[in-house]
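Participant: Let me give you the structure first, and then I'll get to my questions.
The values are calculated or read from the model by the stated rules, or taken from the named source; none is laboratory data. Everything quoted here is computed from the prediction, not taken from an experiment. Positions of Cβ are backbone-derived with ideal geometry, glycine not excepted, and every protein chain shown enters the neighbour counts. We work out accessible area using only protein heavy atoms, side chains counted, and drop any ligands, DNA or RNA first. Shrake-Rupley method; radii C 1.70, N 1.55, O 1.52, S 1.80 Å.
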Amino acid sequence: MTKPADVAVRAGDKVSSEAHTMEELVDIQKAAFLRDGIPDAKTRIDRINRLGQLLLDHADEITAALTEDFGSRPADLSIAADVAGCMIDLAHQRRSAEKWMRETNVARVAGMVGFTQRLRRDPLGVVAIMGPWNFPLQLTIVPAASAFAAGNRVLMRPSSITAKTTDVIARVAPDYFSIEELAVITSKHGGGSDFAKLKVDHMFFTGSPEVGSSVAQEAAKNLVPVTLELGGKNPAIVDRGTDITKAAHFLADARMINGGQVCLCPDYVFVPEDKVGEFTDKVIARWTANFPTIVGNGDYTSTINEKNYQRIVGLIDDAVSLGATKRQVLPVGEELPNAQERKIPPTLLTGVKPGMKIEDDEVFGPVLTVYPYRELSEAIDKINSAGHPLTLYWAGDDNANLRTVADNTRSGSISGNDFGLHMLSQGLPFGGVGRSGMGNYHGEFGFNTFSHARAVTVSSLPISFAEVMTPPFTKRDARMTAMQMKVWRFLNRRAIKKSNKKR
């Protein structure tokens, strides 16, 4: 391992997080934050640098651990998502932190007459980050970098389901960070519910809506604000007149990323009624070409554990038993689903109706449901009958139909003709709405999530607002109040008149 001198841990600080309880680590970080004060830009950038160096130095070890945790997962995917995929946001945070943290003057004219108004963006203090198992590093490291850019200390808890990967990070973190800066929490400290109870300054959670609700409730007991990055059943709409081959290929590919175990994967698709047969044929053909073998194929990601494997198989069987039609990719000579490798074949369902469990449950696996539609309003009504999704996929042009969908639905984002491109843009937020989450991050949005916008006002005016608003109230005060009301009534009438003219 090579580690530049400027990212080395201070002498005497190499202590494992497991030497302390979670509560002790919170106290240690809070005390350090108060002792050292708000960190300067150099300190913040140094912490982001070290976080990136940790990933890059141990990329091979991390990849091997992820493969072991999943049972089967492509090394290229692990590198792209959980190592290289983090570096985009880390680079942006490093490049922009100094600019974002500057104090700004928000009222120059008022300042000229003696009323100064400034805005600070102060760190919150100690941030707790709880990550999921599907991308255990990307979804903890990226928010941690945002928290560092904003000047915070971080307690990071990668998922206990991907225990091998968490063990690697917990073991090597002390080579890069003092526990006063970054503490890695493992299952040895306790469960996720215990982590949610910590008296920190902000709780950041990525995972399912069900667990997210529990985290929010526990955090609320300590009045800890939360950011929830959740999942949901992401819909897709294929516009009438769209190239069906192109739509089928992008949605078939998007469904199978990480074996379908991505909060952004499309879950169900609306296709024009007269194009359903062609669309489903092309999806199956795409999957068949991509996965000539499944059993023993290291490029085919396994379902993470037995519990989820049985849950997904159960959703498929329930739908079929109630009348749905199933089409699967079944390579010759292979028995699938395969419980030993926890591999479920790519599955396409049609004829899904209310009462089937898959109508309501997020699949989080290699299953895509297809619904026919005649009018766009049918798809919109179906989407609105469920909880707001994390993203909504659109296969088609950037046209009036897309604007109709955007105006009449709610989702964390809209992705047209490709998978989650907004994740790659640091100028756009990543986050859900309603059941798919609250709050957002990436780029400056992440910096703001972990900062407090703090107002500073200083007056040297000859008049005191406190004096004006304190008894005794004189006839002069009454005249001033009456004058204010007269002015505001006039201005409001004028605004209404102006607004009516524009209609």
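Participant: Students often forget the sequence filter, so: which lysines lie under 22 Å Cα-Cα from Lys99 once same-chain residues fewer than 8 apart are removed?
Facilitator: Straight-line reach from Lys99, under 22 Å: Lys42.
Participant: Please figure out what share of the DSSP beta bridges in the chain is antiparallel and state it in percent, rounded to the nearest 5. Could you put the intermediate results ahead of the total?
Facilitator: Values: 19 of 54 bridges.
The answer is about 35 percent antiparallel.
Participant: Continuing with this model, one more query. If you take the beta carbon distance between Arg35 and Glu68 as r and set R0 to 45 Å, what does 1/(1 + (r/R0)^6) give as a FRET efficiency, to the nearest 0.05? Can you show the working numbers first?
Facilitator: Working: r = 40 Å, r/R0 = 0.89.
It comes out at approximately 0.65.
Participant: Of Val276, Ala236, Val262, which is farthest on the positive side of the dipole of the range 221-282, counting Cα position, with +1 on Lys and Arg Cβ, -1 on Asp and Glu Cβ, and the Cα centre as origin?
Facilitator: Going by the charge dipole, the pick is Val262.
Participant: Just going by the charge dipole of the chain, with Lys and Arg at +1 and Asp and Glu at -1 on Cβ, which of Ala466, Ala324, Ala81 is farthest out on the positive end?
Facilitator: Positive-end residue among those listed: Ala466.
Participant: Could you give the accessible area per residue of the range 84-223, probe 1.4 Å, as a whole number in Å²? Display every interim value, and only then the final one.
Facilitator: On the way: 5000 Å² over 140 residues.
Result: 36 Å² per residue.
Participant: Here's a follow-up. Relative to the Cα centre, what is the charge dipole magnitude of the range 367-414, using +1 at the beta carbon of each Lys and Arg, -1 at the beta carbon of each Asp and Glu, and rounding to the nearest 20 debye?
Facilitator: Its charge dipole is roughly 140 debye.
Participant: Can you give me the relative contact order of the chain as a percent, contacts being Cα pairs under 8 Å and 6 or more apart?
Facilitator: Numbers: 930 pairs, mean separation 89.5, N = 503.
Relative contact order, the chain: 18 percent.
Participant: Between Lys357 and Asp418, what is the spin-label point distance in nm, taking each point 7 Å from the Cα along the Cα→C-beta axis?
Facilitator: Going by the 7 Å Cα→Cβ label model, 3.7 nm.
Participant: Another question, then. Along the Cα→Cβ direction, 7 angstrom out, place labels at Lys199 and Glu24. What is the inter-label distance in nm?
Facilitator: About 1.8 nm separates the two model spin labels.
Participant: Related question: Any of Lys233/Lys357; Lys326/Lys357; Lys197/Lys357 with alpha carbons more than 22 Å apart? Name them for me.
Facilitator: Values: Lys233/Lys357 13 Å; Lys326/Lys357 15 Å; Lys197/Lys357 32 Å.
Cα-Cα > 22 Å for Lys197/Lys357; rest within.
Participant: Can you list residues from other chains, or at least 5 along the same chain, whose modelled amide H is less than 5 Å from the amide H of Leu392?
Facilitator: Ser413, Ile414, Ser415
Participant: Just list whichever of Lys275/Lys307; Lys30/Lys164; Lys246/Lys382 have alpha carbons separated by over 26 Å in the model shown.
Facilitator: Numbers: Lys275/Lys307 36 Å; Lys30/Lys164 29 Å; Lys246/Lys382 24 Å.
Flagged as over cut-off: Lys275/Lys307; Lys30/Lys164.
Participant: Work out the length of the dipole vector of the range 401-485 about its Cα centre, built from +1 on the beta-carbon of each Lys and Arg and -1 on the beta-carbon of each Asp and Glu, and round it to the nearest 20 debye.
Facilitator: Working: 7 positive and 5 negative charges, 68 e Å.
With only Lys, Arg, Asp and Glu charged at Cβ, the dipole is about 320 debye.
Participant: Indicate the gyration tensor shape class of the range 170-301 (rounded, prolate or oblate), computed on the Cα atoms with a ≥ b ≥ c the square roots of the eigenvalues: a/c under 1.5 is rounded; otherwise a/b larger than b/c is prolate and the rest oblate. Numbers along the way, then the final one.
Facilitator: Details: a/c = 3.59, a/b = 1.98, b/c = 1.81.
Cα axes put the range 170-301 in the prolate bin.
Participant: Sticking with this structure for a sec: Enter the Cα centre distance for the pair the range 160-210 and the range 270-298, rounded to the nearest angstrom.
Facilitator: Computed from Cα coordinates, the inter-centre distance equals 39 Å.
Participant: Once the convex hull of the alpha carbons of the range 453-495 is built, what does its volume come to per residue, in cubic angstrom? The partial results should precede the final answer.
Facilitator: Details: hull volume 5.4 nm³, N = 43.
Dividing the Cα hull volume of the range 453-495 by its residue count gives 126 Å³.
Participant: Going Cα to Cα from Lys486, which lysines come in below 22 Å? Please leave out same-chain ones fewer than 8 positions away.
Facilitator: Straight-distance partners of Lys486: Lys475, Lys497, Lys498.
Participant: Quick one: length gained pulling Phe490 to Asn297 fully straight, 0.36 nm per residue minus the C-alpha distance? Before the final figure, lay out each step's value.
Facilitator: Values: separation 193, 0.36 × 193 = 69.48 nm, distance 7.44 nm.
Stretched out fully, the Phe490 to Asn297 stretch lengthens by 62.0 nm.
Participant: Peptides 212-222, 46-56, 132-142: what's the order by average Cβ count within 10 Å, highest mean first? Write down the numbers at each step before the final one.
Facilitator: On the way: 212-222: 16.5, 46-56: 21.5, 132-142: 25.5.
By packing density, highest mean first, the sequence is 132-142, 46-56, 212-222.
Participant: Could you tell me the center-to-center distance, by alpha carbons, between the range 306-350 and the range 115-140 in angstrom?
Facilitator: 39 Å
Participant: Find which of Ala183, Leu139, Gln217 sits farthest along the positive direction of the dipole of the range 135-228, computed with +1 on the beta-carbon of Lys and Arg, -1 on that of Asp and Glu, about the Cα centre.
Facilitator: Farthest along the dipole direction, towards plus: Gln217.
Participant: Rounded if a/c is under 1.5, else prolate if a/b beats b/c, else oblate: with a ≥ b ≥ c from the C-alpha gyration tensor eigenvalues square-rooted, which is the chain? Don't jump to the answer; show the numbers that get you there.
Facilitator: Values: a/c = 2.37, a/b = 1.30, b/c = 1.82.
The shape class here is oblate.
Participant: Could you report the accessible area of Leu424 in Å², rounded to 10, computed with a 1.4 Å probe on the protein chains as they sit in the structure?
Facilitator: 110 Å²
Participant: Still on this model: Once amide H atoms are placed 1.01 Å from N in the peptide plane, what residues at a sequence separation of 5 or more from Gly437, or on another chain, have their amide H within under 5 Å of its amide H?
Facilitator: Leu230
Participant: Ignoring ligands, DNA and RNA, what percent of the accessible area of the range 310-371 is carbon or sulfur (1.4 Å)? All intermediate terms of the calculation are to be shown ahead of the outcome.
Facilitator: Numbers: 1370 of 2810 Å².
Looking at the range 310-371 in its full context, I get 49 percent from C and S.
Participant: What dipole magnitude, in Debye to the nearest 20, does the range 136-280 give about its Cα centre under +1 on Lys/Arg Cβ and -1 on Asp/Glu Cβ? It would help to have the intermediate numbers written out before the result.
Facilitator: Values: 13 positive and 16 negative charges, 85 e Å.
Roughly 400 debye, rounded to the nearest 20.
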